[in-house]
Amino acid sequence: MASAETKRGTQVMTGADILVKSLVDHNVEVIFAYPGGCSMPMHQSLTKYGTKIRTILPRHEQGGGFAAQGIARSTGRPGVVMATSGPGATNLVTAIADAKLDSIPLIAITGQVPTGVIGTDAFQETPIVEVCRGITKHHYLVTKVDDVARVMKEAFHIATTGRPGPVLIDMPKDVQMDQCHVDWEVPMNLPGYRVKKPMAQPEQIRQIAAAIKHSKRPLLYAGGGVIGAEGAVALRKLIELTGMPITMTVMGLGLYPNDGPLSLDMLGMHGAAYANYAVRDCDLLIALGVRFDDRVTGKKEVFAQNAKIIHVDIDASEINKNKVAHIPVCSDVRYALEELNKIVEAPDDISAWVKHCKELKHKHPFHYDEHFDGILQQHAIRELSNMTQDRDTFVTVGVGQHQMWAAQFFNFRQPRHWLSSSGLGTMGFGLPSAMGVQAANPNSLVIDIDGDGSFQMNIQELATLHCEKLPVKVLLLNNQHLGMVVQWEDRFMGSNRAHTYLGPIDHEEASGIGVTEKHAIVTERYPDFVQIAKGYGCGAATVSKKSDLRAALKEMIDYPGPFVLDVSVPYQEHVLPMIPSGKSVNEMILE
Ligand SMILES: Cc1ncc(C[n+]2csc(CCOP(=O)(O)OP(=O)(O)O)c2C)c(N)n1
């Protein structure tokens, strides 16, 4: 295939071929890659391996980066994206930063100008390793073709072990074209990276079991780290053995079914009131694969102030970072859970506590005005959830109100089926990540629940969906505004609208205070998403009447290709409950 025979009969390959063959050997089935002058040799190699790797051309490198994340988040295997040097590489930056904050295994490969001109401001030169230094788990500028095989091995190892994360490989064009004798057995050279997985000590496991046994009001607080460790089964077993209630972070949704008997759903700023009250009231908080993010804790000193805290995380730097743990355990979470399940006993009597949690849930459920005349975002999401429960359904989201409502009102039952840009909060994540999910899960229903602001940040990927026959559905909750920012304007800035309306501006009116009123009566909708979607070759429809919603959802779900359902929703609705930034559960806004 890509090899040539030398006089000595050993295998000689180009750097580009070594890189692509390494992808094949690492079982990469799909790569999202956008070509350019400095990455063309790698694209030529991709064509040679076309039967083994499906190369998908996104319509923007950021879309490719999020699509690769869609593969990683939905399968647990690393996602791979490729871009050319300069602008291609910088277009990947947001997706790399996003993967870093959510601990997603991503391999980002960039073309670079030839080694001889690096540092000369050559055409399309960007020092992308320098740009990305703080947002990667590791990064390489490969300067010799002999290094390619080793770098590829190390990159996959680093991206997928310990706390997963993005690895950048910057490949100068001459390194792609140079040839060398390949040593596929080359050892890794990572003196600063501990290969051994951290494991909880038996004594630590005994301490956790004892704390559970003696607690009166224990609460599990589980996050993305449990999903990363493939620990959902062990976590559910622990719940079965102990009867402890559980709350999840936005990254942890799906670990335990939302409709399970001990679920307290999501906690945090827009989490369930009952979850936040349970954190307030518990005497033991068992934090698993979480990082006490400020959107979860609000005012840190007050968070779980009545509880003893157990914190299990694979990353030692997370322990005691935001909140001091009484029992700190640096460990692979799944290992710790499996060891714990061997000895754990149910607490002596937590029936009163479980009853208390259930009463809180009963008293403060997620709710909305079910009698509202038009379609409310929460209603559309709940209907969609009800209509898709019998199918293997994946949900991705943009960032904003729709994201939080999806987290609140969709019933998640399995890990890796809910994809949200959580740490970085990147608008534009929903559509391309859905594209990656669909490529990796061709027989599943994949739905991007999006806002009109977020959707327009990577709307060009509708073209990729059509051309690559990826039948992603988009439930577009179109409120004509940047809804979440509008909500903050309403809550904290006297409803003064500051560039949060997405329709055409009448500048004369906009300069006066009448602008708020003007938005309220907008009847002409902009842009025409149906026409745009159809222009890209996708199916599309609008719906504005509540009585038409179910039929419209059914049309979307049943459509054989990609489809955009543009749903008219009001912009005045607020996501509640809400614990304002830096405030505590005592200041939670309920109504
Ligand atoms: C790339 C990016 N730019 C800006 C923001 C700030 N931001 C957070 S939510 C939001 C509004 C999102 O609007 P939309 O996607 O329409 O969703 P909605 O809140 O209306 O549901 C903005 C601008 C962001 N999170 N990401």
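A 1.4 Å probe run over the chain, with the rest of the protein chains in place, finds 40 Å² accessible per residue. For the chain, compute Rh as the Kirkwood radius over C-alpha pairs and then the Stokes-Einstein diffusion coefficient at 37 °C and 0.692 mPa s; write the answer in µm²/s, rounded to an integer. The diffusion coefficient I find is 130 µm²/s. Candidate cross-link partners of LYS469 among the aspartates and glutamates, defined by an alpha-carbon separation under 20 Å and a same-chain spacing of 8 or more, comprise GLU29, GLU61, ASP392, ASP448, GLU461, GLU555, ASP558. Between the alpha-carbon centres of region 411-487 and region 83-153 there is a gap of 26 Å. Across the chain, C-alpha contacts under 8 Å between residues 6 or more apart give a mean separation that, scaled by the residue count, equals a relative contact order of 13 percent. For the pairs LYS300/LYS358; LYS100/LYS300; LYS100/LYS545, flag any whose C-alpha to C-alpha distance is greater than 32 Å. Checking Cα-Cα distances, LYS100/LYS545 exceed 32 Å. If you sort TRP488, TRP405 by accessible surface, 1.4 Å probe, largest first, the order is TRP488, TRP405. Take THR143: with every protein chain present and a 1.4 Å probe, its accessible area is about 80 Å². For each pair in LYS308/LYS355; LYS342/LYS473; LYS21/LYS342; LYS153/LYS473; LYS137/LYS355, compute the distance between the two Cα atoms and list the pairs where it is over 32 Å. Pairs exceeding the cut-off: LYS342/LYS473; LYS21/LYS342; LYS153/LYS473; LYS137/LYS355. For LYS361, the aspartates and glutamates whose Cα comes closer than 17 Å to its Cα, not counting residues fewer than 8 places off in the same chain, are ASP259, ASP265, ASP281, GLU591. When we measure straight from the Cα of LYS546, which aspartates and glutamates land under 12 angstrom away, once same-chain ones fewer than 8 places off are left out? Straight-line reach from LYS546, under 12 Å: GLU370, ASP373, GLU383.
For the pair VAL24 and MET387, what calculated FRET efficiency results from E = 1/(1 + (r/R0)^6), where r is the Cβ-Cβ distance and R0 = 51 Å, to the nearest 0.05? Can you show the working numbers first?
Working: r = 39 Å, r/R0 = 0.77.
E between MET387 and VAL24, to the nearest 0.05, is 0.80.
Could you rank the peptides 489-502, 569-582, 415-428 by their average count of other C-beta atoms within 10 Å per residue, with the highest value first? Numbers along the way, then the final one.
Details: 489-502: 14.2, 569-582: 18.2, 415-428: 22.9.
Top to bottom by mean Cβ count within 10 Å: 415-428, 569-582, 489-502.
Taking every DSSP beta bridge that has both residues in the chain, what percent is antiparallel when rounded to the nearest 5?
10
Annotation for region 523-538 versus region 339-369: alpha-carbon center distance of 46 Å.
By how many nm would the segment from SER568 to LYS237 grow when fully extended, if each residue of separation counts as 0.36 nm and the alpha-carbon distance is taken off?
Details: separation 331, 0.36 × 331 = 119.16 nm, distance 4.26 nm.
Between SER568 and LYS237, full extension yields 114.9 nm more.
May I ask you to give the percent of accessible area on region 407-487 that is carbon plus sulfur, with a probe radius of 1.4 Å?
Details: 1030 of 1910 Å².
The value for region 407-487 is 54 percent carbon and sulfur by accessible area.
Could you please state, rounded to a whole Å, how far the C-alpha centre of region 231-291 is from the C-alpha centre of region 190-224? Taking the Cα centre of region 190-224 as reference, the centre of region 231-291 is 16 Å away.
Can you check what the Kirkwood hydrodynamic radius comes to for region 96-220, Cα pairs only, in Å to one decimal?
Working: mean 1/r = 0.0580 Å⁻¹.
Every distinct Cα pair counted, the radius reaches 17.3 Å.
Measuring from a point 7 Å past the Cα of ALA316 along Cα-to-C-beta, which residues in region 116-148 have an amide N at less than 20 Å? Backbone N within reach: 137-138.
Per the Kirkwood formula on distinct C-alpha pairs, the Rh of region 76-132 is how many angstrom? Mind dumping the intermediate values first?
Values: mean 1/r = 0.0833 Å⁻¹.
Its Kirkwood hydrodynamic radius stands at 12.0 Å.
The values are calculated or read from the model by the stated rules, or taken from the named source; none is laboratory data. Nothing here was measured: the structure is a model prediction, and the numbers come from that model. Using ideal geometry, Cβ is built from the backbone for each residue, glycine included, and neighbour counts are taken over all protein chains shown. Areas reflect the complete protein model, heavy atoms only, side chains present, ligands, DNA and RNA absent. Shrake-Rupley method; radii C 1.70, N 1.55, O 1.52, S 1.80 Å.
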